[in-house]
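Let me begin by presenting the structure, written as structure tokens, before commenting on it.
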Amino acid sequence: MGKQNRTVVDEIVASLCRSIFRGEHKPGDNLPPLRQMASEYGVTLPTMQRVVARMEELGVVYARQGSGVKVLEPLHHAAPAAMVFWLDVLQDRPGEAMEFVASFVQVRRELAVSYLCELREAGVSKVEAERMLKDVEHFEQRVEEGVSLDEAMELDFGVMRGWLGLRPKVAVFVILNMFEQLVSSTQVMKEAVYDHPERNVLGYRAVYDAFMDRGLKQEVFKREVTGLLATFDMISLARFEAMLGTRKCDV
């Protein structure tokens, strides 16, 4: 979510989540009373209640009438939607931020490779193969015409969802949605991934060609695609790390 689209509730949620992830509020501690926090943030009590409800959804606090708002252990309870606040807290620690993003990218990559291998082994129809290629060609054409970062991201995830839609897997879509949220909410990461969208197109082209090469044994295909995706991820992560060294994440 861009800063320009944030509500007061969003801003307070972000502020409190950051303070929890920085350790300013320890697991097991209670946050200040709602009326006190409402006064400190200059909002009404109902607004503060909406803040707490949102933080409960994020898995960072637990509210019980008469017992206050208890801070939960983020590593055990935080929902995927809270990850952008984790990254924001790490913005001044590039090494830890890199480890955070790299571990998430690795999970996404491994799921993508597993899905592509299963899809290839099961086989796709001629119509489905043409659809996969058409998705890539549309991305390529738009990039040649010139696209913004947001447009490049939308096109990129459009290709991913198109391919995943051939044999939908809930777990893979969940990871994809989480990754999209992370990228879209972090300007520096968005630039790292989409500063050269033609690179993303080349990646899809290479994966598609390997996918359609029936002369490749399945283990060779898996190895080639893993290497391709790992290489493109490394390029984006290297740029992300370099950019972290010059400016803070715009989350």
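None of the figures in this text is laboratory data; all of them are computed from the coordinates on show. All figures in this text were calculated on a predicted structure; none of them were measured in a lab. Every residue, glycine among them, receives a Cβ derived from its backbone with ideal geometry; neighbour counts consider all protein chains shown.
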Give the share of C-alpha pairs in each 5 angstrom bin for region 3-78, from 0 to the last occupied bin, in whole percents, shortest bins first.
3, 16, 29, 28, 17, 5, 1, 0
Whole-Hz Karplus couplings 3J(HN,Hα) for region 38-51, θ = phi - 60° and coefficients 6.51, -1.76, 1.60, Gly and Pro as x, run 4, 5, 5, 8, x, 10, 7, 4, x, 5, 5, 5, 5, 4
Simple SL model, points at 7 angstrom along Cα→Cβ for S67 and N30; separation in nm is 1.1 nm
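With +1 on the Cβ of every Lys and Arg and -1 on the Cβ of every Asp and Glu, and nothing else charged, how large is the dipole of the chain about its Cα centre, in debye rounded to the nearest 20?
Working: 31 positive and 37 negative charges, 140 e Å.
That gives a dipole near 680 debye.
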Just name one of L116, L229, H138: the one whose Cα is farthest towards the positive end of the charge dipole of region 91-244 (beta-carbon charges, Lys/Arg +1, Asp/Glu -1).
L116
Please determine, in degrees from 0 to 90 and to the nearest 10, the orientation of helix 218-244 with respect to the longest principal axis defined by the Cα atoms of the chain, where the helix direction is its Cα long axis.
40 degrees
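Hey, what's the Kirkwood Rh for region 69-184 if you take every pair of different alpha carbons, in angstrom? Spell out each step's value before the answer.
On the way: mean 1/r = 0.0611 Å⁻¹.
Its Kirkwood hydrodynamic radius stands at 16.4 Å.
At a threshold of 8 angstrom on Cα-Cα distance, excluding pairs fewer than six apart, so keeping six or more, what relative contact order does the chain reach in percent? Before the final figure, lay out each step's value.
Numbers: 236 pairs, mean separation 56.2, N = 251.
In percent, rounded to a whole number, it is 22.
I'd like to compare 31-43, 224-236, 208-220: which one has the highest average count of other Cβ atoms within 10 Å, and what's the full order after that? Kindly include the intermediate steps, with their values, before the conclusion.
Numbers: 31-43: 14.4, 224-236: 16.6, 208-220: 12.8.
Ranked from most to least packed, the peptides come out as 224-236, 31-43, 208-220.
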Nonlocal amide H pairs with V69, under 5 Å, H built at 1.01 Å
L31
When the Kirkwood radius is taken over all Cα pairs of region 183-245, what Stokes-Einstein diffusion coefficient follows at 4 °C and 1.567 mPa s, in µm²/s?
101 µm²/s
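Restricting things to alpha carbons, find the Rg to Rh ratio for the chain using the Kirkwood radius for Rh.
Details: Rg = 21.0 Å, Rh = 20.1 Å.
Reported Rg/Rh (Cα atoms, Kirkwood Rh): 1.04.
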